[in-house]
Structures are given as structure tokens and as C-alpha cells.
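Remarks on the structure that follows.
The values are calculated or read from the model by the stated rules, or taken from the named source; none is laboratory data. Remember, it's a predicted structure, so these values are computed and weren't measured experimentally. With ideal geometry, Cβ positions are generated from the backbone for all residues, glycine too; neighbour counts draw on all protein chains shown.
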Amino acid sequence: MVPTAAECFRLMDEYGMYDNIRAHSVLVARVAERLACDLVEGGAALVVEVVVAAALLHDIAKTPCLANGGDHAAQGAAICRAHGFDELVEIVGEHVVLADGVSRHHCREKEVVYYADKRVKHDAVVDLDERLDYILKNYGRGDARMCAAIRRNFAQCHEVEAKLFARLPYGPAAVARLVTPPAGPAGADESRWQALCG
């Protein structure tokens, strides 16, 4: 089962998602939706509704994990499984690191969500290098092995980026412009999601 956007927002409330994580998740979903729609237009076999729902819920376990130190990707996958969202389990579980690497043959929903998450720092679309710098500073903790693992993950993300944009009529730098939300009152973007996807 794939949840509607309205169900995703209800779950954000249920799991106490902080406002800043919610804003990040909404922007990741905007990026993922735009990429998925354009990839589908170019012939990719992606299910846009799955991409959007997984992007909205990719950090569903982040708030509790900030308190308990758990793995928010694994716990997020468990939350999706518990709610019967089987189509989202693998995507949410691999939004930090792709377990089986980059597919050579086709675009996958989990690659789109993984990539979109790496392009959003807080509530702004940034390039991969800026996001890498942020992750190293905040999660590398000066540990050489951790920093090396983060750099390997971002090298993989660059592979995903190259694959996705080889199929798109624009480059990575255009993403920020393409998904900039229109000006409006707080919560308006979420209302649009609910209207469009719910």
C-alpha cells in the first residue's frame, strides 16, 4: 500500500516530527517528484506516487532517533513495514546508503529519493559538494574512517546524479530553480501537497 500525502503528514504528526525535519522532508519530496516526473516523461519506469510518499516519509524516524541514537533509516523502514507500506520499506531503509549500489540498467525509486535527500540541506536545495561538506562537519566527528565512508557514499551519489541527468533535459544546477516553492503563507506548500497528492 502507498500512503497518500495526507496520510504521510498525519504520520509526521504521530511520530512527533520536528518542524525543521518536516520542512526538509517536504522539499526532498518536491525534488524527488520533479525528477521522477521528468524521468518518467523520458521513458523511465518509475512510480511517482511511491517516490513522493517515500520522500515524505524518509525521515519519519529521525526525531525519535535523535533521542535514542538509533539508525533512523532502519527504524523508518520498520515504521513503514508496521503500517503496511511495503513499497516504501526498501526506499526509506536505503535513503542514507544504497545497499546494492547503483543500478547500471535502469532508474529506481530508491535512487531518486536517495539523491533528492542528498541535494537538500535543511530546507534549501544545494549541490552535492555543499551537502558533503555539511555531512562531514556534522556527522564525521573528526573520525577518519567515518569521513572516508561518507566520501565513498557521496562518490556513489555522484554516480546516481550522472545516471539520472543523462536522461534529463537539464543539469543538476537547474534543480534549485525548478523546485523553488512559490511565495505564500507558512504551511501553504504542505496544503498544496495534500491537495495534489491526497
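From the list GLY43, GLY16, GLY76, GLY70, the lone residue that is free of Cβ contacts under 8 Å to residues at least 60 places away in the same chain, part of a loop (DSSP other than H, G, I, E, B) and over 19 Å from ASP123 (Cα atoms) is GLY70.
Please indicate, with yes or no, whether at least one residue in segment 172-190 is surrounded by fewer than 12 Cβ atoms within 10 Å (Cβ to Cβ), of a type in the set (A, V, I, L, M), at pLDDT below 95 and more than 19 Å from VAL26 (Cα to Cα). So far as segment 172-190 goes, no, none of its residues is surrounded by fewer than 12 Cβ atoms within 10 Å (Cβ to Cβ), of a type in the set (A, V, I, L, M), at pLDDT below 95 and more than 19 Å from VAL26 (Cα to Cα). Within 15 Å of MET17 (Cβ to Cβ) and modelled with pLDDT under 95 - does that describe any residue in segment 98-109? For segment 98-109, residues within 15 Å of MET17 (Cβ to Cβ) and modelled with pLDDT under 95: absent. Residue by residue through segment 81-140, note down the ones that are of a type in the set (Asp, Glu), in a loop (DSSP other than H, G, I, E, B) and either under 18 Å from PHE165 (Cβ atoms) or without any contact (Cβ under 8 Å) to a residue 24 or more places away in the chain (or both). Selection gives GLU94, ASP100, ASP127. Please go through segment 51-73 and pick out each residue that is touching a Gly at 6+ places or on another chain (Cβ under 6 Å), at pLDDT below 95 and among the hydrophobic types (A, V, I, L, M, F, W, C). Passing the criteria: ALA61, ALA73.
Residues of segment 141-167 that are part of a helix (DSSP H, G or I) and of a type in the set (Asp, Glu): GLU159, GLU161. Taken as a whole, the structure leaves CYS37 outside the set of residues that are hydrophobic (A, V, I, L, M, F, W, C), free of Cβ contacts under 8 Å to residues at least 24 places away in the same chain, in a helix (DSSP H, G or I) and over 25 Å from GLY171 (Cβ atoms).
Taken over segment 95-127, the criterion of being buried (at least 21 other Cβ atoms within 10 Å of the Cβ) and farther than 26 Å from ARG177 by Cα is satisfied by no residue. Residues that are exposed (fewer than 14 other Cβ atoms within 10 Å of the Cβ) and of a type in the set (A, V, I, L, M) are absent from segment 49-64.
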